[in-house]
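J.: My questions will all concern the structure given below.
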Amino acid sequence: MLLELGGDIGALVLHTPARLHGTEIEISPSSAGPHSRRTHSLVRERVTAAGVGYAAVYPQVPADRYTIWGEDGLPVGTTVISGGQVTSFFWPE
């Protein structure tokens, strides 16, 4: 996947456990509140030279602090997306 980064646009790679394979995970700007519009991405199996992992990728995300929403609709964490960078977040267990 090619990610277009620059200016105030970044990307998020959300690493998850295998049990979330096929699940859509939502994120939203933290400043917008819990009922704001959310962006979702599907957790997929990713095969690399290091082995198999599971992740959801969010391309072209405007720079801001984001809430990551769990399967139960409750927040599982926050992360900061910076323009021109790929941010990694690891699902809490």
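J.: Out of (1) of a type in the set (K, R); (2) part of a strand (DSSP E or B); (3) within 17 Å of W69 (Cα to Cα), the odd one out for R37 is which?
T.: If we test R37 against (1) of a type in the set (K, R); (2) part of a strand (DSSP E or B); (3) within 17 Å of W69 (Cα to Cα), just (2) comes out false.
J.: Here's a follow-up. Out of all the residues in the range 43-58, which are surrounded by 13 or more Cβ atoms within 10 Å (Cβ to Cβ) and at pLDDT 95 or above?
T.: Selection gives V43, R44, G53, Y54, A55, A56, V57, Y58.
J.: Which of the residues that make up the range 18-30 are touching a strand residue (DSSP E or B) at 6+ places or on another chain (Cβ under 7 Å) and over 8 Å from V43 (Cβ atoms)?
T.: Those that are touching a strand residue (DSSP E or B) at 6+ places or on another chain (Cβ under 7 Å) and over 8 Å from V43 (Cβ atoms): A18, E26, I27, S28, P29, S30.
J.: Looking only at the range 77-93, filter to residues that are closer than 17 Å to A18 by Cα and at pLDDT 95 or above; which one of those is surrounded by the fewest Cβ atoms within 10 Å (Cβ to Cβ)?
T.: That would be S88.
The values are calculated or read from the model by the stated rules, or taken from the named source; none is laboratory data. Quick caveat: nothing in here was measured; it's all calculated off a predicted structure. A quick note on method: Cβ atoms are made from the backbone with ideal geometry, for glycine too, and the neighbour counts reach across all protein chains shown.
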